[in-house]
1. Short version: ³J(HN,Hα) in whole Hz for each residue of the stretch 38-46, in order, from phi by Karplus 6.51 cos²θ - 1.76 cosθ + 1.60 (θ = phi - 60°), x for Gly and Pro, what are they?
2. Using a cut-off of 15 Å between beta-carbons, work out the net charge of the residues near ALA45 (Lys and Arg +1, Asp and Glu -1, ALA45 not included).
3. So between ALA15 and ALA94, what do we pick up on full extension, going 0.36 nm a residue minus the alpha carbon distance?
4. Would you mind calculating the relative contact order of the stretch 14-80 from Cα pairs under 8 angstrom and at least 6 residues apart, reporting the percent as a whole number?
5. Tabulate in residue order the Karplus-calculated ³J(HN,Hα) for the stretch 82-91, using 6.51 cos²θ - 1.76 cosθ + 1.60 with θ = phi - 60°, rounded to whole Hz; enter x for Gly and Pro.
6. Mean separation of Cα pairs under 8 Å and 6+ residues apart, divided by the residue count of the chain: what relative contact order is that in percent?
7. What distance in nm separates the two pseudo spin-label positions at ARG124 and ARG70, each 7 Å out from Cα along the beta-carbon direction?
8. Round to a whole number: what % of the accessible area of the chain belongs to carbon and sulfur, probe 1.4 Å?
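The values are calculated or read from the model by the stated rules, or taken from the named source; none is laboratory data. Note that the structure is predicted; figures quoted are calculated from it, not measured. Virtual Cβ from ideal backbone geometry, glycine too; neighbours counted across all protein chains shown. These accessible areas exclude ligands, DNA and RNA; they are computed on the full protein's heavy atoms, side chains included. Shrake-Rupley method; radii C 1.70, N 1.55, O 1.52, S 1.80 Å.
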Amino acid sequence: MLTEVIVELEDRIGALADLGELLGRQGVNISALAVVRVGEGHALAHLVLEPADVAVRALQEHGLVPERVREVLSVTLEDEPGALGRYCRLLADASIDLEAVYLAGERNGAKVLVLAVSDLEAARQLHAQEHG
């Protein structure tokens, strides 16, 4: 199960280093990450990581209560113009809202994306139909 954990950080020098070291000491692997400043002194870190239960426990023990923990979908798209638009159009036409999207890397010349969506099961079924 691919899991996203969202946690608020202080917007300060070293905050991400502290977070990375904390999770690293616990053996947590981060496969995708986005950090966005959301206001004066605050940032939101969206992390796709495993094992999620270990990460959540470590965060809570250090006073970082996750704002959200949810299962996400990983998809692989061809690295070509229009691939993202075509895939997102399929989701939109199925009334599936994108809540977060991460570029998680490359595999055999294709892009690996992580998607947090409004209806995970419907997105999985759609993906299976398109790539089944």
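1. Along the stretch 38-46, the couplings run 10, x, 4, x, 10, 9, 10, 9, 9 Hz.
2. Values: positive: ARG12, ARG37, ARG68, ARG70; negative: GLU4, GLU8, GLU10, ASP11, ASP18, GLU21, GLU67.
Every neighbour counted, the sum reads -3.
3. Numbers: separation 79, 0.36 × 79 = 28.44 nm, distance 3.86 nm.
The ALA15-ALA94 span can extend by a further 24.6 nm.
4. Working: 50 pairs, mean separation 16.6, N = 67.
Once divided by the residue count of the stretch 14-80, the mean separation gives 25 percent.
5. Per residue, the Karplus-derived 3J(HN,Hα) values read x, 4, 5, x, 4, 5, 5, 5, 4, 5 Hz.
6. On the way: 220 pairs, mean separation 34.2, N = 132.
Relative contact order, the chain: 26 percent.
7. It is 1.5 nm.
8. Values: 3690 of 7610 Å².
The C+S portion of the solvent-accessible surface of the chain is 48 percent.
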